[in-house]
Amino acid sequence: MTLLRNVRVLLGVDAAVCAVGAVGLLVAAGALAPATGLPEGLLRGAGLVLVPWVAFLAWCASRAVPPRRAVLAVVVLNLLWAADSVLLLATGWVSPNGAGVALVLVQAAMGAGIAGLQALALPPAGGLQRA
C-alpha cells in the first residue's frame with residue numbers, strides 16, 4: 001500500500017498540520033490580525049476549534065483500524081471547513097488584505113486536498129471497522 005493510500009498516515013498528517021496551525025493561530029493571532037486584515041478573534045477562535053479536532057484526528061490515526069464512520073466524518077468535516085473558508089471570503093463577512101485572502105485560500109485548499117486523499121484512501125465498506 002502506498003503512503004498516500006494509507007488512511008492512518010493521512011489522518012496523522014492531517015493531525016500534525018492542524019496542530020501546527022492551532023498553535024500558530026493561538027500564539028500569533030495578535031500579530032497575524034494586522035498582517036492579514038483578518039479579525040484577531042476569528043483567528044484565535046479558529047485555533048481553538050482546531051484543538052479538539054487535532055485530538056480526534058490523532059485518536060483516529062492511532063487506531064489499528066480506523067472506524068469507517070469516523071474517517072467519513074473527517075472527510076466531510078474537512079470539506080465543510082474548506083467550503084466555509086471560501087464562503088467567509090465570498091460573503092464579505094471579513095475584509096482581509098491579500099495576505100489574508102491567501103491564508104484563507106491556502107488552508108482551504110489544504111483541507112480540501114487532504115479530504116480528497118482521505119476519501120480516495122478509504123477502502124470499501126468491509127475494509128475498515130464500523131463505528
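Every number in this text was worked out from the coordinates using simple rules, so none of it is lab data. As the structure is a prediction and not an experimental result, all values here were calculated from the model. Glycine gets a Cβ as well: all are built from the backbone with ideal geometry, and neighbour counts include every protein chain shown.
Quick one: check the C-alpha center-to-center distance for region 77-127 versus region 6-66, whole angstrom.
Using only Cα atoms to place each centre, the spacing works out to 13 Å.
Cβ under 15 Å from residue 111's Cβ, residue 111 left aside: what net charge do those residues give with Lys, Arg +1 and Asp, Glu -1? Working shown, then result.
Numbers: positive: none; negative: 14, 84.
Counting the neighbours of residue 111, the net charge comes to -2.
I need the phi-derived Karplus couplings for region 70-83: 6.51 cos²θ - 1.76 cosθ + 1.60, θ = phi - 60°, integer Hz, Gly and Pro marked x.
5, 5, 4, 5, 4, 4, 5, 5, 5, 5, 5, 4, 4, 5
Mean separation of Cα pairs under 8 Å and 6+ residues apart, divided by the residue count of region 1-123: what relative contact order is that in percent? Could the numbers behind the result be given before it?
Working: 135 pairs, mean separation 43.9, N = 123.
Rounded, it is 36 percent for region 1-123.
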